[in-house]
Amino acid sequence: MGKGKNKKRDDGDSKGRQHRGANGHSSRHNHKNMEMRKHENEDTSNVKKIPVKLGMWDFDHCDPKRCSGKKLERLGLIKSLKIGQRFQGLIISPNGKKVVSPEDADIIKEFGAAVVECSWARLDEIPFSKLNGGNGGKNERLLPYLVAANQVNYGRPWKLNCVEALAACFAIIGRSDWAADLLSNFSWGMNFLTLNEELFELYSQCTDSDSIQEAQEAWLNKIDEEAKERKLQAQDNDIWLMGNTNRVNDNLRDLTLSDGDEDEEEEDAEDYLTEKSVKYDNLGNVIESSEDEITLRYDNLGNVIEEEEEEKRYDALGNLIEN
Ligand SMILES: C[S@@+](CC[C@H](N)C(=O)[O-])C[C@H]1O[C@@H](n2cnc3c(N)ncnc32)[C@H](O)[C@@H]1O
């Protein structure tokens, strides 16, 4: 027998067939997952179990270290499902037509919830209609507007990862405690609940899919208005930051001045500089300035009174005669 040829695989049966887990992966693959758990030191002893069944169709598109679905599997919180395997619970899927609502509480509590672990960029490769033995449609649900808090898609609406999708579903049916238990296994997890707190409050008060859609519309309109408002305010602030807009206009005008206008403008600029060095007392009178400052005096109309330079007189030897 050739070396390695027909060699019985350690994860196969007597006929060399590999044992496959519910996700269709070989047990070698699942063993790798176990190894990763050991490697990452994921302690499963404190993991809180959620009292409903969780399922996942895993298409192995993602980096196992960053994949929330795989981590839930390593923690023993979710079970992999094979393509075509029936799942009677709620299927949270981008292929859904209705959105999750509190009306779905009974089905979740009785049969659980499942997600599709795959890449957002490769959704077109997923045989959604075959996943649940062709029975997916009825229980398939979209999630309403919510914002991701995970490290891959932080801040992006709608693109939640698997653990966020399941937690969202629980929060909408009023089981924020389950949502928190599930998310507590991720360092960033609780941020998802905080980030979407108001939305969960809003959605959990709705009754059915239509009312969730209405609440979502109202919310989207509200944030749209707020964004417009902020934009206007930012424009206003920009104007203030630009300072005296007359001066700005003056500067702009400078660029288009004819030769003749320039002299006039220069004069204005000089006035501006000179005025800066003038000090006034409480009554608005000009007060004496320090040596290097120019002292100006004004007439009743506010015009600067030109000071005539005092005539200096000298004696026969050229010495200054003091007055
Ligand atoms: C596309 S996968 C990406 C998973 C990611 N790799 C991870 O680490 O978890 C996310 C899955 O969560 C569910 N999901 C997330 N956001 C959703 C939404 N807005 N509507 C419906 N399902 C959603 C779906 O099952 C979807 O296939």
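The values are calculated or read from the model by the stated rules, or taken from the named source; none is laboratory data. Bear in mind the structure is a predicted one, so any value in this text is a computation, not a measurement. Cβ atoms come from the backbone with ideal geometry, glycine included; neighbour counts cover every protein chain shown. What goes into the accessible areas is simple: the full protein's heavy atoms, side chains included, and nothing from ligands, DNA or RNA. Shrake-Rupley method; radii C 1.70, N 1.55, O 1.52, S 1.80 Å.
For segment 27-206, what is the accessible area per residue in Å², given a 1.4 Å probe and the full set of protein chains?
Numbers: 8760 Å² over 180 residues.
Here the per-residue accessible area is 49 Å².
From the Cα gyration tensor of segment 27-206, with a ≥ b ≥ c the square roots of its eigenvalues, which class applies: rounded if a/c is under 1.5, or else prolate if a/b is larger than b/c, or else oblate? Intermediate results must be reported in sequence, preceding the final value.
Working: a/c = 1.44, a/b = 1.12, b/c = 1.29.
The shape class here is rounded.
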The set of residues whose placed amide H lies less than 5 Å from the amide H of residue 114, leaving out same-chain residues fewer than 5 positions away, is 55, 90, 91, 92
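I need to check one value: relative contact order of segment 66-123, counting alpha carbon pairs closer than 8 Å and at least 6 residues apart, in percent. It would help to have the intermediate numbers written out before the result.
Values: 31 pairs, mean separation 20.8, N = 58.
Normalised by residue count, the contact order of segment 66-123 is 36 percent.
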Go ahead and run the numbers for FRET between residue 205 and residue 227, Cβ-Cβ distance against an R0 of 35 Å, rounding to 0.05. 0.90
Vicinal HN-Hα couplings computed from phi for segment 209-214 (Karplus, 6.51 cos²θ - 1.76 cosθ + 1.60; Hz; Gly/Pro x): 4, 5, 5, 5, 4, 5
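To the nearest 20 debye, what charge dipole does segment 27-206 have about its Cα centre, counting +1 at the Cβ of each Lys and Arg and -1 at the Cβ of each Asp and Glu?
So the magnitude is around 600 debye.
Nearest 5 percent is fine: what portion of the DSSP beta bridges confined to segment 36-163 is antiparallel?
Values: 1 of 16 bridges.
Antiparallel bridges: around 5 percent, rounded to the nearest 5.
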